[in-house]
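**Student:** First, the structure itself, so that you have it in front of you.
The values are calculated or read from the model by the stated rules, or taken from the named source; none is laboratory data. Since this is a predicted model, take the numbers as computed values, not measurements. Here the Cβ positions follow ideal geometry from the backbone for every residue, glycine too, while neighbour counts run over all protein chains shown.
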Amino acid sequence: MVNFVHKMKIGLVLPPSDDILYLDVFGVNLPPTGLAYLAGFLKESGYEVFILDMSSQKMGWSEFDKILSIEKPDIVGIYCALTRIKQAMNAAEIAKQNQAFTVLGGPEPSINDKIFFTNPFVDAVVRGEGEFTFLDLAKHIEGKAGLGTIRGLTYRDKNRVVVNSKRPLIQKLDSLPFPPWHLFPTHKYRLFNKLSLLSIASSRGCVYNCDFCAVPHMYQYIWRGRSPENVVDEIEYLMEKYTPSIVFFSDDSFMVDFERVEEICNEILKRKLEFFWFCLARIDLSINLMNKMKKAGCVALLFNIESHMMNNKDVVEHAFKNAKRAKIFGIANFVFGFPRETYDACLEKIRFITNVNADHAMFFRNVSGGYLNLSTLTAIEKMAYRRFYLRKNYILNHIKQAYHNFKPEINHRGLALHYIKWFFETILYINQLH
Ligand code: B12
Ligand code: SF4
């Protein structure tokens, strides 16, 4: 890859999000993984990059405007998902007023590119994987490429919107640089309000095709995994350079290939790396693999419980039971407000989750709307937190088990005690949610 310094400056922005209850309950603030890989790639390609994580820094619009007027970026790239549409549009408007070329990327613009051009301040949208499309766009701004030739780009050409052809996916994910986290406000990325947290994506895409999900469209129904060696090299780099207390695998679908997950664990164990991590998991994950993951430092598994799984309570229950046996926290993720989902169906979901013996539950709202409006969904979300967490037996059992979930060898960092303190505070917080 070319490695010389261009004069151009690129600002990458994470706008604030609408859906924040789970952040407060869990004291969690997850890093923007996609922007981090993009930043690493653009930097390595010779561009000056700065990050504005408005979400984590609780940055207001006037501060955002002020920073742009000082930094004077040539291009402002804005991440956008469902929960950040209004905010991404607002960011584009301010960036445009500061004479930058504005480009949106991330899941929502990838699947609904055209609607973003109803906003006159959006110049272009990058669909799907961002690295090479953004690089070509930067070359265009430098006068070295025409917009019409950039694959993966949708752009405004006077009064019409032009959708260029798809960009082929990156063949070797191992060749991408590791994220330059020092450009990000890493002190804000936290779990349980305290533990420092960074993320890694060991693969991209997914082989499944759930109808509500953006991932298959973003990544052309293809899954690509990095080699276990390259993944663990990045973990070593994270631990040496940034020393996070815990690492989150924020892959779209981490467990497509169970064998590769096992190889990653073997590589971690071979290199004797001692760190804690957590990831999204499939409910058919075996107890043997859970045990191996535990040995390699995994402390929590996030299971997305989709509505159809509620017909299969035994399988879901089994997954949480296995997680308990492996001494890993089993966390259930639930979304309320799918299209056609009724109030009663949401109550049924709450009953379900209080009966499958999960260690934790995280609840989200579908902010794009269905039958139920957002204020009803917010009330349901709060009710779900209360009904799940404010159960006497659950609280007592959870405390008993919590200490044993952290590997004693690395527990000298005080994780277990901190966790228990956080747990009590959380129960008190949820108790006052109405
Ligand atoms: C991990 C994850 C979570 C985690 C943590 C989120 C986090 N902050 O890390 C948890 C479990 C908490 C979560 C929760 C939710 N999530 Co989520 N999540 C993901 C997931 C699987 C991975 C994100 C990731 O880090 N990927 C790895 C990086 C490397 O990939 P990437 O982000 O896609 O980045 C690449 C490109 O998108 C592009 N790109 C990214 N940013 C930018 C910016 C610019 C300017 C450009 C040009 C390009 C670009 O380039 C990057 C590198 O190639 C995504 C799937 C996805 N791919 O987005 C869903 C996803 C983002 N989540 C989604 C949703 C809906 C939710 C929830 C609302 C609940 C739900 N499941 O319905 C909640 C609410 C979150 C919130 N309040 O914002 C949807 C968003 C749909 C949409 N149309 O926008 C996604 C796409 C999954 C889906 N089911 O469709 N999520
Ligand atoms: S398994 Fe997960 S990532 Fe894959 S299509 Fe379904 S919801 Fe999306």
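**Student:** Filter the strands (runs of 3 or more DSSP E) completely within region 181-300 down to those with at least 3 residues that are more than 12 Å from ligand 1 (Cβ to nearest atom), assigned by TED's automatic domain parsing to the domain that holds Glu44 and not charged (D, E, K, R).
**Tutor:** Passing ranges: none, list empty.
**Student:** So, one more: Failed condition for Phe116, given (1) closer than 22 Å to Tyr47 by Cβ; (2) buried (at least 22 other Cβ atoms within 10 Å of the Cβ); (3) not aliphatic (A, V, I, L, M), with all others met?
**Tutor:** Here Phe116 meets the rest and fails (1).
One line per residue, one yes/no per condition, for (1) more than 8 Å from ligand 1 (Cβ to nearest atom); (2) assigned to a loop (DSSP other than H, G, I, E, B):
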position	(1), (2)
Ser17	no, yes
Leu23	no, no
Gly34	no, no
Gly40	yes, no
Gly46	yes, yes
Ser56	yes, no
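**Student:** Among all residue pairs at least 6 apart or on different chains, which show Cβ distances below 6 Å where the first residue, located in region 24-49, is at pLDDT below 95 and the second is within 16 Å of ligand 2 (Cβ to nearest atom)?
**Tutor:** Sorted first by the residue in region 24-49, then by its partner, the list stays empty.
**Student:** Please specify each residue of region 163-188 satisfying the condition of being surrounded by 15 or more Cβ atoms within 10 Å (Cβ to Cβ) and over 18 Å from Leu38 (Cβ atoms).
**Tutor:** Asn164, Lys188
**Student:** Taking region 136-158 as the region of interest, how many residues are hydrophobic (A, V, I, L, M, F, W, C) and crowded, with 20+ Cβ neighbours inside 10 Å?
**Tutor:** Selection size over region 136-158: 4.
**Student:** Can you find even one residue in region 105-115 that is touching a Lys or Arg at 6+ places or on another chain (Cβ under 6 Å) and part of a loop (DSSP other than H, G, I, E, B)?
**Tutor:** no
**Student:** Of all residues in region 200-241 being of a type in the set (Ser, Thr, Tyr) and away from ligand 2 (no atom under 16 Å from the Cβ), which is surrounded by the most Cβ atoms within 10 Å (Cβ to Cβ)?
**Tutor:** Applying the filter and picking the extreme gives Ser227.
**Student:** Tell me which residues, restricted to region 258-292, are modelled with pLDDT under 95, over 20 Å from the mean Cα position of the chain (by Cα) and within 16 Å of ligand 2 (Cβ to nearest atom).
**Tutor:** Asp284 - this is the single residue of region 258-292 that is modelled with pLDDT under 95, over 20 Å from the mean Cα position of the chain (by Cα) and within 16 Å of ligand 2 (Cβ to nearest atom).
**Student:** Taking the condition of being surrounded by fewer than 18 Cβ atoms within 10 Å (Cβ to Cβ) and either touching a Ser or Thr at 6+ places or on another chain (Cβ under 7 Å) or over 21 Å from Gln97 (Cβ atoms) (or both), how many residues in region 49-81 meet it?
**Tutor:** Counting residues in region 49-81 that are surrounded by fewer than 18 Cβ atoms within 10 Å (Cβ to Cβ) and either touching a Ser or Thr at 6+ places or on another chain (Cβ under 7 Å) or over 21 Å from Gln97 (Cβ atoms) (or both) gives 1.
**Student:** Name the residue that is modelled with the highest pLDDT, counting only residues in region 301-319 that are within 11 Å of ligand 1 (Cβ to nearest atom) and surrounded by 20 or more Cβ atoms within 10 Å (Cβ to Cβ).
**Tutor:** Among those that are within 11 Å of ligand 1 (Cβ to nearest atom) and surrounded by 20 or more Cβ atoms within 10 Å (Cβ to Cβ), it is Phe303.
**Student:** Would you be able to say whether some residue in region 80-92 is touching a helix residue (DSSP H, G or I) at 6+ places or on another chain (Cβ under 7 Å) and part of a loop (DSSP other than H, G, I, E, B)?
**Tutor:** Yes; the residues of region 80-92 include at least one that is touching a helix residue (DSSP H, G or I) at 6+ places or on another chain (Cβ under 7 Å) and part of a loop (DSSP other than H, G, I, E, B).
**Student:** Here is a follow-up. Say whether the condition of being more than 20 Å from Lys392 (Cα to Cα) and part of a helix (DSSP H, G or I) is met by at least one residue in region 357-374.
**Tutor:** Yes, region 357-374 has at least one match.
**Student:** For region 76-93, how many residues are within 16 Å of ligand 2 (Cβ to nearest atom) and among the small types (Gly, Ala, Ser)?
**Tutor:** So the count comes out to 1.
**Student:** Now for a different question. Output the number of residues of region 118-160 satisfying the condition of being outside any loop (DSSP other than H, G, I, E, B) and in contact with a Lys or Arg (Cβ under 6 Å, 6 or more places away or on another chain).
**Tutor:** Counting residues in region 118-160 that are outside any loop (DSSP other than H, G, I, E, B) and in contact with a Lys or Arg (Cβ under 6 Å, 6 or more places away or on another chain) gives 1.
**Student:** Of everything in region 177-215, what is more than 28 Å from Asn366 (Cβ to Cβ), at pLDDT 95 or above and in contact with a Gly (Cβ under 8 Å, 6 or more places away or on another chain)? Give them in sequence order.
**Tutor:** Those that are more than 28 Å from Asn366 (Cβ to Cβ), at pLDDT 95 or above and in contact with a Gly (Cβ under 8 Å, 6 or more places away or on another chain): Pro177, Phe178, Pro179, Pro180.
**Student:** OK, next. Consider only pairs whose beta carbons are under 9 Å apart and that are at least six residues apart or on different chains; among these, list those whose first residue lies in region 320-345 and is within 20 Å of Ile420 (Cβ to Cβ) and whose second residue is among the charged types (D, E, K, R) and surrounded by fewer than 16 Cβ atoms within 10 Å (Cβ to Cβ).
**Tutor:** Gly330/Lys321
**Student:** Which one of these is on the phi > 0 side of the Ramachandran plot and in contact (Cβ under 8 Å) with a residue 60 or more places away in the chain: Gly143, Gly130, Gly106?
**Tutor:** Gly106
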